[in-house]
Amino acid sequence: MESRSVSIAWKIIMVPNLTVLLFGVLLVLIPDALLSEGFQLFVGQSWSALLLASPKTAEYISVFGRMFGSHMIAIAVLIIAITLESFRRGESWSWHTFLIGNTLGWGSAIAFDLTMGEMSIVGIEIVMILLVYIALGISARDILGKKPT
């Protein structure tokens with residue numbers, strides 16, 4: 001049976017999971033819209049200027065963005081499955097996987113977007129990693145305190 005703390009925690013952790021899925025879908029569908037601001041902030045040139053000056057370079061960046069988005073979708077599907085199955089059952093490996101995976105995933109995203117100068121995205125990423133840590137903190141006693149079966 002699912003404890004109250006785990007029941008609360010898995011629902012909280014679904015917010016960052018669904019955020020990864022949403023950003024992945026958006027990158028696949030409209031990569032230029034998501035990549036253009038970061039490009040402009042980092043390079044100091046507008047996306048439309050890049051399209052005019054070097055359309056193949058812009059196309060490469062868009063294809064790369066789509067590929068990255070498809071990887072985000074794949075990761076999101078896996079973390080949602082882990083959340084709905086193993087984490088909800090209180091399996092300790094899932095708790096540790098979320099601690100390490102989210103620290104590395106969101107941490108690297110924050111570092112990247114700080115480098116790009118996309119402060120609004122950094123704010124979203126910080127909120128997401130904090131939600132993960134809150135969920136893990138809420139569920140730690142019930143998940144990590146269990147005897148292995």
Of residues in the stretch 80-122 being surrounded by 14 or more Cβ atoms within 10 Å (Cβ to Cβ) and of a type in the set (A, V, I, L, M), the one nearest to the chain's Cα centre (by Cα): A109
Residues within the stretch 63-94 that are in a helix (DSSP H, G or I) and among the basic types (K, R), tallied: 1
Positions within the stretch 15-45 being small (G, A, S), assigned to a loop (DSSP other than H, G, I, E, B) and surrounded by 13 or more Cβ atoms within 10 Å (Cβ to Cβ), in sequence order: none
Subset of the stretch 1-40 (residues that are farther than 30 Å from I100 by Cβ, modelled with pLDDT under 95 and either aliphatic (A, V, I, L, M) or under 16 Å from the mean Cα position of the chain (by Cα) (or both)): A33
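The values are calculated or read from the model by the stated rules, or taken from the named source; none is laboratory data. Treat the numbers as computed from the prediction; the structure is a model and nothing was measured. Cβ atoms come from the backbone with ideal geometry, glycine included; neighbour counts cover every protein chain shown.
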